1. Condition first: within 24 Å of Met17 (Cβ to Cβ), touching a Gly at 6+ places or on another chain (Cβ under 7 Å) and open to solvent by less than 50 Å² (accessible area, probe 1.4 Å). Can you find one or more residues in region 684-707 that meet it?
2. So Lys205 fits all but one of (1) at pLDDT below 95; (2) open to solvent by 50 Å² or more (accessible area, probe 1.4 Å); (3) not acidic (Asp, Glu); what number is the exception?
3. What do you reckon, is Glu450 acidic (Asp, Glu), modelled with pLDDT of 90 or more, on the phi < 0 side of the Ramachandran plot and open to solvent by less than 40 Å² (accessible area, probe 1.4 Å)?
4. Specify which of the listed residues (Ile802, Ile819, Ile810) is open to solvent by 60 Å² or more (accessible area, probe 1.4 Å), closer than 30 Å to Ser866 by Cβ and aliphatic (A, V, I, L, M).
5. Let me confirm something: among Asp670, Asp619, which residue is open to solvent by less than 10 Å² (accessible area, probe 1.4 Å), in contact (Cβ under 8 Å) with a residue 24 or more places away in the chain and acidic (Asp, Glu)?
6. What single numbered condition from (1) more than 17 Å from Ile77 (Cα to Cα); (2) surrounded by 23 or more Cβ atoms within 10 Å (Cβ to Cβ) fails to hold for Ile711?
7. Could you say which residue among Ser486, Ser511, Ser462 is exposed (fewer than 14 other Cβ atoms within 10 Å of the Cβ) and not aromatic (Phe, Trp, Tyr)?
8. So Thr906 clears everything in (1) farther than 27 Å from Asp806 by Cα; (2) among the polar types (S, T, N, Q); (3) surrounded by 14 or more Cβ atoms within 10 Å (Cβ to Cβ) except one condition, right? Which one?
Amino acid sequence: MADYKHTLNLPETQFPMKAGLPNREPLILKRWQQNNLYQKMRENAQGRPLFVLHDGPPYANGDIHIGHAVNKILKDIILKSKTLSGFDTPYVPGWDCHGLPIELNVEKKVGKPGVKVSAAEFRKACRVYAQKQVDGQREDFKRLGVLAEWDNPYLTMDFNFEADIIRTLAEIVKQGHLHKGVKPVHWCVDCGSALAEAEVEYEDKTSPAIDVRFTVVDNASFEAATNSTGTGKISVPIWTTTPWTLPANQAVSLNPAYDYVVVQTADERLLLAEALYESALERYGMTGDVIARCKGEDVEGLLLQHPFYDKQVPVILGDHVTADAGTGAVHTAPGHGQDDFTVGLKYNLDVYNPVASNGTFLPDTALFAGESVFKANPLVIELLKEKGALLNHVDIQHSYPHCWRHKSPIIFRATPQWFVSMDQNGLRQAAMQAIAETQWMPEWGQKRIEGMVEGRPDWCVSRQRTWGVPIPLFVNQQTGELHPDSQQIMEQVAQKVELEGIDAWFESASSDWLSTDAELYEKVSDTLDVWFDSGVSHACVLARRAYLNRPADLYLEGSDQHRGWFQSSLLTSVASTGKAPYKSVLTHGFVVDAAGKKMSKSLGNVVAPQKVVNNLGADIIRLWVASSDYSAEMSVSDEILKRTADSYRRIRNTARYLLSNLSDFNPATDSVAIGDMLALDQWAVDRAYHVQKDIIAAYESYNFHLIYQKIHNFCAQEMGSLYLDITKDRQYTMQKNSLGRRSTQTAMYHILEALTRWMAPILSFTADELWEYLPGERNESVLLNTWYQGLVPLTTGSVDEISLEDWNIIFNIRDEVSIELEKQRSAGKIKGGLTAEVELFSKQDSLSYKALNKLGDEVKFVFIVSAVTMNSVDRDDDGLAIQVKPSEHARCDRCWHQTPEVGHNTTHPELCDRCIENVDGDGESRLFV
């Protein structure tokens, strides 16, 4: 028996079947770095249209987590796809380097500033610590395959950046948006500092809910105002969950438009909102009758006795009073609440705050001096009992603001702070206009940020910290006015900071900046909110680097940044330039586990990107990111990543199989013109052409999960289950240089050129590895190219040619035939397709008959059977009958088809006529399949 294996064109490639990503990716990454691939991409793109995605800076503290990985990979996918689309895509990564978390970690190492070390030494230690964190995170981001200007990132602690923060603040001062005021701000007693809106999160807390009597001072005036009579003392009950704020009470607020009732109980009269009086009486264990009604505005100005201090407070009116719960009367302390502060301005109330920065009452606070505010609650309640002012007390669980760093409850506390005003010079209105002119993706992002900006209070930008950019202002000690030369002074400070860093301000004396009038001015020692630092990166990076532009084309961050970086960037940009810093804003959801729960070390469901990279490879994380619909929450777990790895293998194996059939293919000499290719090969190129159009459109609209689906389905279905399966016979058995073989090789070459590029933004390591093995001359990386232009749509010029509609009919029939073959195989009647013959029965004028008839005898190659017979029959419909039977003929040892010719040739008795022609003759000829 002769061995004909050497006459076959069997697949051959050095491209590894086993990816081995954890070991292979670092080698590819090293090559990228040695060859300076990012810089070559930039040089290669010179003269192209610019696309700038501005990086929102992660905080320089701790290892990166899976959320960081998602964010950076999404940005990298966008920029690489834009490069392939013909753009110049510089990418400057950044880090947020000032602020409290770094201070807290450095305190553990060197002690508190001003105690164990000087403030200057402390800031130096913070700088060293932050740089170490940046270096660690940078390596992790690189390992994920993210290409960027890693050697020249922006750091908010760089001297130039710190100087430009000051310059941007100076411009905001110049535009009239900054003011100083005593306002209640979110205050963390653990931080000892004010908090920004974005630093506050809401968690459940158990608090005492109390109802307290505020007794009317002049009964006659009350009776006249409410047109009532009755007996006993008259009280206006309030309901609060913060008893500790009662020492700061300055008034009781009613809603001017609400209906209120005077209720006569056994021995007193109570003024309550009509909508709430029955539930209030039930809480108090009282019964009573309504003896009068009035509006809230009817009792404005009446005086009430404070429940435990010897002072009287007025009834005032405010729309912030609701009838959701309580009594319809609100205890008002302008020093401890934003609504209270606002209504207090209208009535010129004292903004009294008896609480120190550490959360204890000041020494001159009557009855509670030195007590912690939260520990004072039971003391206040006990005092109210003694005074006969407590109507009810229960503990309730409710949503309460907490510090996002310490996870501890915060307080509202009025302190002198610097604010960017939303309204004093039209910032709110200008910001709303800028929002309307920006593209928000998804669209709901616009409504979200509009709601936040529309209702937000002034932005408290001052902090009482050590490691932060200064607010370099001088305030007149008598008038409170800023120094008239503030703009010039701030520029001088900025110039000095460029050389020496922020110590240039903190370690200086007033006389270093002011000449004759230094003793008249107070030097501000506050630092800026870190959200201001990152928020002005548009000025410090986009406007500073000549190869970038402002506004950026795109900002991309998590959906929590509508209240964070998106908003701080918007407000600082509009306040300083009048325009938004971005043209479009894209958001992604948070990462959760397979059950939809947040990642938590305590739950043990954290998926560390470093671990996944070491076990599976960065391309598996990248493929998981791309396959997830990031507009919502993104689920990840070991099982989900395992499934992702399975999908990766399907894509890799398809690419490898295509490559293995091109081992002897030279595109320069062996390519077949598209019009001369076999019909099936033209169909395959057409499919790739349309898939590429869809993929490019999906990249343009940032719908990466659609790209994953398109690539996976193309590899698994159009290629794996159809084209590659059908063309094996032709590829393996026809003569090496035959038109039929070179035709399919040409199609495979075109498809692989395109597929490698489709993969490149997502599976960057794998695509670049694949690129090295592709035949033909090429540059060093797939990322130095644009989308492949060699794909052509299928065109048919005559009825004899096979159209797309014909192919769809043929492949649908193939599916039906495959079902019948499987039935026969399961029944043990055949061993596989090539052991069977198929008979088809259909009307001669049916679409099925016409389409199949165009292929002639080559239909059998589509079905992968040894013979197909078409029978014309009379039917009432255009349906098709299929009959499968085992072949009775001998098997060809070379192609495995069972045909009657096997054994007739004495030279090659084991072969069919077709294989004999391919081995010894001029070669088989095919037209279609």
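1. Looking through region 684-707, none of the residues is within 24 Å of Met17 (Cβ to Cβ), touching a Gly at 6+ places or on another chain (Cβ under 7 Å) and open to solvent by less than 50 Å² (accessible area, probe 1.4 Å).
2. If we test Lys205 against (1) at pLDDT below 95; (2) open to solvent by 50 Å² or more (accessible area, probe 1.4 Å); (3) not acidic (Asp, Glu), just (2) comes out false.
3. So Glu450 passes the test.
4. The match here is Ile819.
5. The unique qualifying residue is Asp619.
6. For Ile711, the exception is condition (1).
7. Ser511
8. Answer for Thr906: the failing condition is (3).
The values are calculated or read from the model by the stated rules, or taken from the named source; none is laboratory data. Computed from a predicted structure; not experimentally measured. All Cβ positions, glycine included, derive from the backbone under ideal geometry; neighbour counts span all protein chains shown. What goes into the accessible areas is simple: the full protein's heavy atoms, side chains included, and nothing from ligands, DNA or RNA. Shrake-Rupley method; radii C 1.70, N 1.55, O 1.52, S 1.80 Å.
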